[in-house]
Amino acid sequence: MNVKFIANSIGEIVMEGLKNIRSKRVPLTATTLANYLKDDEDFNKIFSNIGDPQSMNELRFFVLDKILFFQSIIPNQELNSLKSEIEKDEHNLNLKGHIISLISIIAEYLDKAINIQSRLKNIIDEIVLRFDKTSSKLTNILDENSKVLKHDIEEDKLLIDQLGDVNSKVINESSLEKLKQVVLSKIDDLSKEINKKIDNKTVVLDHLEKEKEVVNKELTEYRTKEAELERLKKDVERYKMESVTDPLTSLFNRKFMAKKIMEEIERCKRYGSTFSLIFLDIDDFKKINDVYGHIIGDFVLKYLSDIIKSELRKADYAFRYGGEEMVILLAETGIENAIKFSERLLETIRNTVFKYKSESLKITVSMGVSEFNPAETMENLINRADMAMLRAKREGKNRIVSG
């Protein structure tokens, strides 16, 4: 049976399963999808119809290849464990279960990523809406204040005119009795006008106080959403960081490596500068796993990664290429300085004792170093460094070869 046909059939069943889970409003987790696939008749038929061991073996290698791909973009330690289990299961006794696990891990991870993006969009939309509402409210308050002030100024002008009228009558009136009546009458009129102004201002002030309470409430809710957005932004940043780093070593992953090398190539072409790549491989790493176990093997990878990171400048990058292979990008560095850096790193690794509980061991590495050539592609550059590393292996390991 054709492996691509099997993969396409499984893909269709998975899509149907996702729709089914969503329609029931059940949370999408690795467990819910795994249970669905285990019970699905069509899914089980696919494996019943694979009769020959060769087809099962082809499917096994296809799955391992896909795991390598997803390891470069999904920070999930379970993928590493799953890969080890499939490699040990040489007779494909539990291949169907491994495929279910792989599909479930990927689906759950992608669902979480989509949910984070959806939550972020919803909160941003709500903040924008709330901001528009509050902004409109503040504009209305300013407009009302402006109207009140304009009206108050007009009334004050009328009062000044009335005072001017009183002043004129005081000057021109010769009878004290009439003057008294005029003044008292005008004072009474002015008093009424002033009281009216006070009453109007009191009404406006009460209204503004209520509007102020509404705005303060809106601003409080806005600050709450802003804090929630800040927390979500941190989640997104963490998620983005996880998506470009290897979960075991904390080095950058292979997917991010391609992006950074392309960026460095563009920068070098623009400014006429250069950079170098170092392809590093742990010597006899399989023996470490076979003799000491995978836990110590993982420890060695982590420890070595920490050593590499401690030697880098801020402008440099280190990536886990796959398995025990690592790649180092040295920015603004020609071949001579790249070799000097490699020699220092090689010496540090040679002299390091890797201690884990009661176990102590030393390791060596082989390195291939290449300087970027403006006429070549990224693939050619990586391949040159890789081939140089393989020559270092053939020439006795524990050494550096440039190429």
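The values are calculated or read from the model by the stated rules, or taken from the named source; none is laboratory data. Being a predicted model, the structure only gives us computed values, none of them experimental. No Cβ is skipped: glycine too gets one built from the backbone with ideal geometry, and neighbour counts run over all protein chains shown.
Considering 298, 283, the condition of being closer than 26 Å to residue 88 by Cα, surrounded by fewer than 21 Cβ atoms within 10 Å (Cβ to Cβ) and touching a Ser or Thr at 6+ places or on another chain (Cβ under 6 Å) is satisfied by 283 alone. Tell me, yes or no, whether region 335-348 has at least one residue that is touching a strand residue (DSSP E or B) at 6+ places or on another chain (Cβ under 6 Å) and over 23 Å from residue 306 (Cα atoms). Looking for residues that are touching a strand residue (DSSP E or B) at 6+ places or on another chain (Cβ under 6 Å) and over 23 Å from residue 306 (Cα atoms), one finds at least one in region 335-348, hence yes. Output the residue which, of all residues in region 88-107 that are outside any loop (DSSP other than H, G, I, E, B) and over 32 Å from the mean Cα position of the chain (by Cα), is farthest from residue 17 (Cα to Cα). Checking each candidate, the answer is 88. Contact map, region 77-92: first residue more than 19 Å from residue 253 (Cα to Cα), second residue in a loop (DSSP other than H, G, I, E, B) and modelled with pLDDT of 85 or more, Cβ cut-off under 8 Å, separation 6 or more or different chains; pairs are 85/94. Inspect region 226-237 for any residue being outside any helix (DSSP H, G or I) and either at positive phi or at pLDDT below 70 (or both) and give the result as yes or no. Within region 226-237 (the criterion being outside any helix (DSSP H, G or I) and either at positive phi or at pLDDT below 70 (or both)), the answer is no, since none of the residues qualifies.
Close contacts from region 300-321, counting a first residue that is without any contact (Cβ under 8 Å) to a residue 40 or more places away in the chain and a second that is part of a helix (DSSP H, G or I) and surrounded by fewer than 19 Cβ atoms within 10 Å (Cβ to Cβ), with Cβ to Cβ under 9 Å and a gap of 6+ residues or different chains, come to 310/348; 311/344; 311/348. For region 35-56, the criterion of a residue being at pLDDT below 85, exposed (fewer than 11 other Cβ atoms within 10 Å of the Cβ), assigned to a loop (DSSP other than H, G, I, E, B) and on the phi > 0 side of the Ramachandran plot is satisfied by no position. Here is the figure for region 1-30: residues that are touching a residue at least 24 places away in the same chain (Cβ under 8 Å) and more than 30 Å from residue 54 (Cα to Cα) total 3. Residues considered: 342, 360. Of these, the only one that is over 28 Å from the mean Cα position of the chain (by Cα) and free of Cβ contacts under 8 Å to residues at least 12 places away in the same chain is 360. Within region 3-43, the set of residues being charged (D, E, K, R) and within 26 Å of the chain's Cα centre (by Cα) comprises just one member, 22.
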